[in-house]
Amino acid sequence: MKRILGIDSSIPQGSVALLENDRIISETSLQGTSNFSGGLLRMVNQTLLKAKLRLDDVDGFGITIGPGSFTGLRVGVSLVKGFILSMEKPFQGIDTLEAVAACVEPIDHPVCTILDARKKEVYCAFFKYEGQRLIRTSPDRAMLPEDLLGLISEPTVFTGSGLTTYGDFFCGQLGSRFIEQHPLRKRTVAASAAFLARERFTKSRCLDLDELKIKYVRKSEAELNFIQKDTQLTGRVQHGN
């Protein structure tokens, strides 16, 4: 597969990247705002224009599927579904935390990706490198930063946009077990998604849109409000009986 378009709208610093063979030939990052509703398609167009290519020239897609921004994920997945329906090109759904971890240069220490999940929680997952290959060692979780501390028993590389909010906290609590300054690859999260998709395209090329599902990890605010209202209503009904 020659050209893969990587798209990430799961974190505020959204990005689009075009992978051709073994190198990224064009990238665009969202600047100044996390409003993906109108910006994501524009980023795709800018990325293709810089490469002097059209969308028809793309052979497949790598799209981050979460966890992350609920709104951003829906915009990104909906856009790619539209591309797939119109072009009948294959795709790979890429875990956001894995794509962020893959931006870290190979190292002997564990890698922990954290994103700000709001509600005083973080999305997190652990990975390790075996040579040049990134291996997952934990599932994605949404948890309190204080609870994450108990999972860190050795020096660990932390990465991800969650460090903007919680970096000082983890540094202060973990001391020498907190590594933040390890070199990063010069690539966007979308570029990482494209590289990971390329690896997986060697094994499968999915065209089934039912397989393109968002990985929320926890329920959205709307779902939580619905459950709360339903529970309150059920309680009132039972009390009335």
Exercise for the section: Would you mind pulling out the separation of the Cα centroids of region 174-194 and region 90-152, in Å? Expected result: 10
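Taking Cα pairs under 8 Å and at least six residues apart, what relative contact order does the chain come out at, in percent?
Rounded, it is 23 percent for the chain.
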Practice task
Can you tell me how much longer the chain between residue 132 and residue 87 gets when fully stretched, taken as 0.36 nm per residue apart minus their C-alpha distance, in nm with one decimal?
Solution key: 12.9 nm
Completion exercise
Per the C-alpha gyration tensor (a ≥ b ≥ c, the square roots of its eigenvalues), the chain is rounded if a/c is under 1.5, else prolate if a/b beats b/c, else oblate; here it's oblate
Practice task
Name the shape class, rounded, prolate or oblate, that the alpha-carbon gyration tensor gives for region 104-179, where a ≥ b ≥ c are the square roots of its eigenvalues, rounded holds for a/c under 1.5, and otherwise prolate holds if a/b is larger than b/c and oblate otherwise.
Solution key: prolate
Completion exercise
Taking a crude spin-label model, label points 7 Å out from Cα along the C-beta direction, the residue 185 to residue 108 distance in nm is 2.2
Handout entry: Peptides ranked, highest mean first, by Cβ atoms within 10 Å: ranges 81-91, 61-71
Key = 61-71, 81-91
Exercise for the section: Please work out how much length the chain gains when fully extended from residue 173 to residue 199, using 0.36 nm per residue of separation minus the C-alpha to C-alpha distance, in nm with one decimal. Expected result: 5.7 nm
Handout entry: the chain - share of DSSP beta bridges that are antiparallel (%, nearest 5)
Key = 70
Practice task
Classify region 57-143 as rounded, prolate or oblate, taking a ≥ b ≥ c as the square roots of the eigenvalues of its Cα gyration tensor: rounded when a/c is under 1.5, otherwise prolate if a/b is larger than b/c and oblate if not.
Solution key: oblate
Exercise for the section: State the answer as a single residue: which of 157, 110, 135 lies farthest towards the positive end of the charge dipole of region 104-179, with beta carbon charges of +1 for Lys and Arg and -1 for Asp and Glu, about the Cα centre. Expected result: 135
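FYI, it's all coordinate maths here, none of it is from the lab. Only a predicted model underlies this, so the values are computations on that prediction, with no experimental measurement involved. We place every Cβ from the backbone using ideal geometry, glycine too, and count neighbours over all the protein chains shown.
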